[in-house]
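The values are calculated or read from the model by the stated rules, or taken from the named source; none is laboratory data. Keep in mind that this is a model prediction, so the values were computed, not measured. Note that we place each Cβ from the backbone using ideal geometry, even for glycine, and neighbour counts take in every protein chain shown.
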Amino acid sequence: MDVSLDRYSRQMRFYGIGEGGQRRLLESHVTLCGCGALGTVLANAMVRAGVGHVRIIDRDFIETNNLQRQILFDEHDVAENLPKAEAAARKLGAINSSVYVEPVVADIDRTNILELCNDADLILDGTDNFEIRYLINDVAVKLNKPWVYGGCIGSHGQTMTILPGETPCLRCVFEAAPSPGEGGTCETAGVLSPIVNIVASYQATEAFKILTGRLDRINRELIYLDIWENIQRRIKIAPLLGKVDCPCCQRRRFEWLDGEQGTHTTSLCGRNAVQVAHRTAERLNFEDMARHLETLGAVSYNRFLLKFDVDSYQFTVFPDGRAIIKGTNDIDKARTLYAKYIGH
Ligand SMILES: [Zn+2]
């Protein structure tokens, strides 16, 4: 046996993978959107399994209340103010240095998603909101790439696998995003780590099937699980394909990608925080900013982000001009605060 394959021996011994499947995994490229609860489990599974190139995109930094479920992070990462994508890549590099883990600290939106997904064999959903999922769905259908949806709140979660043209897409099944408040958020309903691990593990297994070419084995239903209430449902969605007048996969109107739907400034799930996505052409100069801001409140910064406390608000600013403002859920208020302290 090839020495470099030895670390995957137990996976190759599994009849569904074999040496051929392993070689396909090593040649595969996955784009992972979001590296929080689901995303850390997914990234961990992809890198340990030997997926050759894993691009991890995340817009956020790590907080202590993430550690209950976001398996790649620790207290040291919180103390260092590391962005999630960067911390995940460091951890994964120590787990398997033979694959390429590419951290991208960015907010996924319609201006960058094509570039981030264009060269991927598969897109994995590790996000926590429907707006980005619809955007992923648009891109996946447009580029004809498979993607695997997953979502969790409280003790329940769901997942489905989308092969454009072959299975219904996300919009065939969920015509519109659940309105805010409907079904709760991580803030109101919390989330248990085991459901995250279960849903992400379903997604990861689907990824292995797709990347090794075993499309005959994929899950073609919507799986819904509630591990506290002991509910398991499999909803047959295959008949929806071509039966619903889906704007995305039937009429090929990509409303999120074309900017007809969606905003960039969003209230963040479970955070009492708003992200203001004000992208600048040039990278911000944190040194200059810190000098101006330190007369107003406490400022600290590293290569990846600048933190600034004023009144009851905590700003986290990224070099591309994006900011997460904690202490409010009010989008207009956050925009005002941004203009007042960050400018532009
Ligand atoms: Zn569709």
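So residue 93 clears everything in (1) part of a helix (DSSP H, G or I); (2) out of contact with any strand residue (DSSP E or B) (no Cβ under 7 Å at 6 or more places or on another chain); (3) free of Cβ contacts under 8 Å to residues at least 40 places away in the same chain except one condition, right? Which one?
All conditions are met except number (2).
Considering only residues of segment 248-272 that are modelled with pLDDT of 90 or more and either more than 16 Å from the ligand (Cβ to nearest atom) or surrounded by fewer than 19 Cβ atoms within 10 Å (Cβ to Cβ) (or both), which is farthest from residue 173 (Cα to Cα)?
Checking each candidate, the answer is 258.
Residue by residue through segment 151-167, note down the ones that are within 14 Å of the ligand (Cβ to nearest atom) and surrounded by 23 or more Cβ atoms within 10 Å (Cβ to Cβ).
Residues satisfying the conditions are 160, 161, 162.
Only one of these is modelled with pLDDT of 95 or more, under 19 Å from residue 40 (Cα atoms) and not hydroxyl-bearing (Ser, Thr, Tyr): 194, 168. Name it.
194
Only residues that are of a type in the set (Val, Ile, Thr), in contact (Cβ under 8 Å) with a residue 12 or more places away in the chain, in a strand (DSSP E or B) and more than 17 Å from residue 82 (Cβ to Cβ): list them for segment 292-339, please.
310, 325
I'd like the full set of residues that are part of a loop (DSSP other than H, G, I, E, B), away from the ligand (no atom under 16 Å from the Cβ) and more than 24 Å from the chain's Cα centre (by Cα), limited to segment 223-247.
Once the filter is applied, which keeps residues that are part of a loop (DSSP other than H, G, I, E, B), away from the ligand (no atom under 16 Å from the Cβ) and more than 24 Å from the chain's Cα centre (by Cα), segment 223-247 yields 228, 229, 230.
Only residues in segment 212-241 that are at positive phi count as the first member; pair them with residues that are more than 16 Å from the ligand (Cβ to nearest atom), Cβ under 7 angstrom, at least 6 apart or cross-chain, and list the lot.
Correct list of pairs: 213/24.
Matching residues to (1) assigned to a loop (DSSP other than H, G, I, E, B); (2) away from the ligand (no atom under 16 Å from the Cβ):
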| site | (1), (2) |
| --- | --- |
| 41 | no, yes |
| 48 | no, yes |
| 69 | yes, yes |
| 111 | yes, yes |
| 114 | no, yes |
| 134 | no, no |
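Can you tell me which of 21, 34 is in contact (Cβ under 8 Å) with a residue 60 or more places away in the chain, surrounded by 18 or more Cβ atoms within 10 Å (Cβ to Cβ) and within 19 Å of residue 197 (Cβ to Cβ)?
34
Of the residues 218, 235, 231, only one is crowded, with 17+ Cβ neighbours inside 10 Å, of a type outside the set (Gly, Ala, Ser), at pLDDT 95 or above and touching a strand residue (DSSP E or B) at 6+ places or on another chain (Cβ under 9 Å); which?
After ruling out the rest, the residue left standing is 218.
Got at least one residue in segment 141-150 being surrounded by 20 or more Cβ atoms within 10 Å (Cβ to Cβ), within 16 Å of the ligand (Cβ to nearest atom), in contact (Cβ under 8 Å) with a residue 40 or more places away in the chain and more than 22 Å from residue 196 (Cα to Cα)?
Yes, that holds for at least one residue.
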